[in-house]
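Here the structure comes first, spelled out in structure tokens, and everything after it is commentary.
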Amino acid sequence: MAQREMGARPYRERTDDEKGGPRRRPMFRRKVCRFCADKTLRIDYKDVRMISQFVTERGKMTPSRITGNCARHQRLLTTAIKRARSVALLPFTTANS
């Protein structure tokens with residue numbers, strides 16, 4: 001009776017996730033870093049064709065969860081993109097933003 005007065009929630013049925021029942025994991029394939037897979041690829045700020053694959057149309061850097069790059073190569077890519085921007089090989093943004 002004391003719990004009712006304090007504002008206890010009414011009873012409701014719990015779902016499987018709340019009960020600790022079987023949890024279904026989404027089936028997806030882990031992305032592989034293309035620089036780790038192919039050792040001949042090099043990250044160079046002067047290679048605009050390769051670097052521009054990791055930049056969106058708006059000029060933003062694509063995150064590693066989208067590209068599948070490992071942390072090391074994502075850091076190298078970030079510095080290469082920033083260098084290419086400062087030397088005017090890549091644009092900072094699009095003209096019509």
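No value in this document is a laboratory result; all are computed from the given coordinates. Small disclaimer: the values here were computed from a predicted structure and weren't measured. Cβ atoms come from the backbone with ideal geometry, glycine included; neighbour counts cover every protein chain shown.
Using mean Cβ contacts within 10 Å as the protection proxy, how do 69-80, 84-95 order, highest first? Display every interim value, and only then the final one.
Working: 69-80: 16.4, 84-95: 12.3.
Going from most to least packed, we get 69-80, 84-95.
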Can you tell me the FRET efficiency between T93 and R25 if r is taken as the Cβ-Cβ distance and R0 is 35 Å, rounded to the nearest 0.05?
0.35
Given +1 on the Cβ of Lys and Arg, -1 on the Cβ of Asp and Glu, and no further charges, what dipole in debye does the range 35-85 carry about its Cα centre, rounded to the nearest 20?
200 debye
Value of relative contact order over the range 40-97, rounded to a whole percent, pairs C-alpha under 8 Å and six or more apart:
43 percent
Would you mind computing, in nm to one decimal, how far apart the modelled labels at V48 and R72 are, each placed 7 Å from Cα along Cα→Cβ?
3.0 nm
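Take the alpha carbon gyration tensor of the range 40-97, find the square roots of its eigenvalues, order them as a ≥ b ≥ c, and report rounded if a/c is under 1.5; if not, report prolate when a/b exceeds b/c, else oblate.
On the way: a/c = 2.08, a/b = 1.33, b/c = 1.57.
Judged from the Cα gyration tensor, the range 40-97 comes out oblate (a/c at least 1.5, b/c at or above a/b).
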